[in-house]
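To keep things clear, I will list the structure first and then write my remarks on it.
The values are calculated or read from the model by the stated rules, or taken from the named source; none is laboratory data. Small disclaimer: the values here were computed from a predicted structure and weren't measured. No Cβ is skipped: glycine too gets one built from the backbone with ideal geometry, and neighbour counts run over all protein chains shown. Surface accessibility is based on the protein's heavy atoms, side chains included, excluding ligands, DNA and RNA. Shrake-Rupley method; radii C 1.70, N 1.55, O 1.52, S 1.80 Å.
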Amino acid sequence: MKYPSKILEQVVDSFSGLPGIGKKSALRIVLYLAQNPHQKSKKIVDSISRMTEELKICKECFSYSDFDICEICSNPSRDRSIICVVESIRDLMAIEDTQQFRGRYHILNGLISPLDGIGPDRLNIDVLVERIKSSEIQELIMAIRPSIEGDTTVYYINRQVESLPVKISLIARGISFGSELEYADEFTLGRSISERIPYQRHRA
Amino acid sequence: MIFKKILFAQFKNLNELSFNPKPGINFIIGNNGVGKTNILDGIHFCCMTKSYFHHSDKMSIQHDRDFFRIESLLTNDEEHQIIVRCKKNGQRVINFDSIAYSKASEHLGKIPVIMIIPDEVYTFINESEERRKFINYSLVQTDREYFYQLNLYNQQIKQRKSFLKSNNPLSFENNSLLDAYESDMYKAGRYIVKARSELIKKINPYLEEFSREMSDGQQSCSIRYKSNYDEEYALSEWAKQRESDALSGRTRTGIHLDKLECFFNNQSLKNFGSQGQIKTFVIALRFAQMKYLQSESHRNPILLLDDLFAKLDEDRVAQLVKLIERSPIDQCFITDTNLDRAKKIAKQINQRTSIHIFNSNQLQIHEKE
């Protein structure tokens, strides 16, 4: 595509290639910003530049935060004895949305996969072990996606902490609410049958 | 299951082709290069969600095109539709009755299929990889858990290899991550070895029966399975071999090195078999595989024979015809370059046959005289 201005082209180039944005969407966004009042672009630029300079990573759980310790970790009403281990910040946000969990989190920042160049040392696993050693943590909930890499990562973490007095649990795997049994894949359905739960517990 | 109608679009050299097969035996006649084998491969795609020949889906897209599509209509008691679409970016969608599978593997085994191509006769005897492929091909169609375990094993062996390659050997001892990979390989291996041994146990009687039949009782064939995995030692072997595996870049122990040995009259086929004996063996083995698939899945397989008759002498052709007649198949597809030969064979076969002829990129049914 031919651009009337080099400046415009440069902005389009930097927008395109962002997750979910191709050349056409990028052009639409840039033209919108160019046509609209000056303040709009200024505001976006400012907020982005503030993010790059001021956004912090929580020293406890590795989530994004405005402070050294994030709001969840510093909240006194959250249970300090239980940690939910997740792969990414998006998973943390998904679990927070359920409002079912009142403990704190630990973000691994990926799953172990040497094939993709991710060894255990690239993830926040050592710090997790330290965290357990230095505080009163009684339970780790592994909220890791069910996959071969996920299972390997859980196995690895389990081995790192097995000598410590901490209980390890896995999120339940099974049929999602409101779905049809006949359309569930066989692994999930098979697992749901073999790892069924007593009805009394379900009702409670 | 019977294919009633297949539409190919931009699949290999089939730009636009509509094919209306009949129940029973379908001969597909045409000169070299018109696309006979591609029709068989398209049918294979509908059954196994991938090409028989190429590992990558992209290779099946017509040159300079962005995608291919195969639409097929099948019937047994009721009608089913399968649509396979592959794009150049590797995206593959398989619809069964208008519902897309979330994983293509869910489709495996719905329509059991066997393909026999003459070139394989030699690779089967000479390459152990081809023989393992034979085992896996049989089992993934009948055992869903096998598919899962094999996948797990292959994934973890790759991860282990990659870890060994990129890390310091001093860290290998008591390494929990390597333990994780090896324990998965151990568990998956146990399942795979058991499934493979049972498969061979079930196939051997069929193989013996068919090979005798094909050779007028002269040749009695069998296969022997030898695993490179021992439940008792596998874990300690892997732990011991970490350093040397890292150096060689290979994994020396495990089910990926399992052996399948072929015998005729208790002699090694590879060392003492003549070309004819090897042909008899491979064809008898495929029919045994078919019988196995049928008895495990209670579904009649589709049989695909690619230009097989051209490579056989008259006696063997006659025996093969007898085998086909007796086989539990609903539908069979046979390609050939020679119309007269096909007519002659069609006359011998005591089953419903139809002959389709390639004519300027169309398949026309040949009327019987």
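Condition check for B:Ala239 on (1) crowded, with 16+ Cβ neighbours inside 10 Å; (2) touching a residue at least 60 places away in the same chain (Cβ under 8 Å): one failure, at (1).
Could you go through segment B:122-141 and let me know if any residue there is among the aliphatic types (A, V, I, L, M), more than 15 Å from the chain's Cα centre (by Cα), within 14 Å of another protein chain (Cβ to nearest Cβ) and not in a loop (DSSP other than H, G, I, E, B). Break it down stepwise before answering.
Initially, segment B:122-141 is screened for residues among the aliphatic types (A, V, I, L, M), giving B:125, B:135, B:139-140.
Filter again for more than 15 Å from the chain's Cα centre (by Cα), leaving B:125.
Cutting the leftovers down to within 14 Å of another protein chain (Cβ to nearest Cβ) gives us none.
No: zero hits.
Of all residues in segment B:250-305, those being in a strand (DSSP E or B) and open to solvent by 20 Å² or more (accessible area, probe 1.4 Å) number 5. The C-beta contact set for segment B:150-161 (first residue under 15 Å from B:Arg190 (Cα atoms) and facing chain A (nearest Cβ under 8 Å), second residue of a type in the set (Asp, Glu) and open to solvent by 20 Å² or more (accessible area, probe 1.4 Å), distance under 8 angstrom, 6+ apart or interchain) comprises B:Leu152/B:Asp184; B:Gln156/B:Asp184.
Every condition in (1) out of contact with any Pro (no Cβ under 8 Å at 6 or more places or on another chain); (2) open to solvent by 20 Å² or more (accessible area, probe 1.4 Å) holds for B:Val321 except the one numbered (2).
If I ask for residues that are at the interface with chain B (Cβ under 8 Å from one of its Cβ atoms), in contact (Cβ under 8 Å) with a residue 12 or more places away in the chain and open to solvent by less than 40 Å² (accessible area, probe 1.4 Å), which ones from segment A:137-168 would you list? Matches in segment A:137-168: A:Thr152, A:Tyr156.
Listed residues A:Ser134, A:Ser179; which is hydroxyl-bearing (Ser, Thr, Tyr) and closer than 29 Å to B:Ser171 by Cα?
Result: A:Ser134 is the single residue among A:Ser134, A:Ser179 that is hydroxyl-bearing (Ser, Thr, Tyr) and closer than 29 Å to B:Ser171 by Cα.
B:Asn228 passes every criterion in (1) open to solvent by 10 Å² or more (accessible area, probe 1.4 Å); (2) more than 14 Å from every other protein chain (Cβ to nearest Cβ); (3) in a helix (DSSP H, G or I); (4) not small (Gly, Ala, Ser) apart from (3). For segment A:173-204, the set of residues classified as surrounded by 10 or more Cβ atoms within 10 Å (Cβ to Cβ) and over 30 Å from B:Asn95 (Cα atoms) consists of A:Glu195, A:Arg196, A:Ile197, listed by residue number.
Kindly provide the set of residues from segment B:166-186 that are modelled with pLDDT under 95 and open to solvent by 40 Å² or more (accessible area, probe 1.4 Å), ordered by number. Correct list: B:Ser166, B:Asn167, B:Asn168, B:Pro169, B:Leu170, B:Ser171, B:Glu173, B:Asn174.
Identify the residue in segment B:120-143 that is farther than 19 Å from B:Met290 by Cα and not β-branched (Val, Ile, Thr) and, among all such residues, is surrounded by the fewest Cβ atoms within 10 Å (Cβ to Cβ).
Taking segment B:120-143 and keeping what is farther than 19 Å from B:Met290 by Cα, we get B:122-123, B:125-129.
Restricting the remaining residues to those that are not β-branched (Val, Ile, Thr) gives B:122, B:126-129.
Numbers: B:Tyr122: 14, B:Asn126: 12, B:Glu127: 12, B:Ser128: 13, B:Glu129: 10.
The extreme case among them is B:Glu129.
B:Gln149 meets all of the listed conditions (1) farther than 28 Å from B:Pro301 by Cα; (2) open to solvent by less than 50 Å² (accessible area, probe 1.4 Å); (3) in a helix (DSSP H, G or I); (4) of a type outside the set (A, V, I, L, M) but one, namely (1).
Does B:Pro301 qualify as being under 24 Å from B:Leu139 (Cβ atoms) and out of contact with any strand residue (DSSP E or B) (no Cβ under 8 Å at 6 or more places or on another chain)?
So B:Pro301 fails the test.
Report yes if B:Gln331 is open to solvent by less than 40 Å² (accessible area, probe 1.4 Å) and in contact (Cβ under 8 Å) with a residue 24 or more places away in the chain, otherwise no. Yes, satisfied.
Per-residue answers, yes or no, for (1) within 14 Å of chain A (Cβ to nearest Cβ); (2) surrounded by fewer than 18 Cβ atoms within 10 Å (Cβ to Cβ):
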residue	(1), (2)
B:Glu145	yes, yes
B:Leu164	yes, no
B:Ser197	no, yes
B:Glu208	no, yes
B:Gln219	no, no
B:Arg224	no, yes
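Checking each residue of segment B:92-104 against the condition of being within 14 Å of chain A (Cβ to nearest Cβ), farther than 30 Å from A:Gly119 by Cβ, among the acidic types (Asp, Glu) and surrounded by fewer than 14 Cβ atoms within 10 Å (Cβ to Cβ) gives at least one match.
Within segment A:87-136, the only residue that satisfies the criterion of being closer than 14 Å to A:Gly150 by Cβ, surrounded by fewer than 16 Cβ atoms within 10 Å (Cβ to Cβ) and free of Cβ contacts under 8 Å to residues at least 12 places away in the same chain is A:Asp116.
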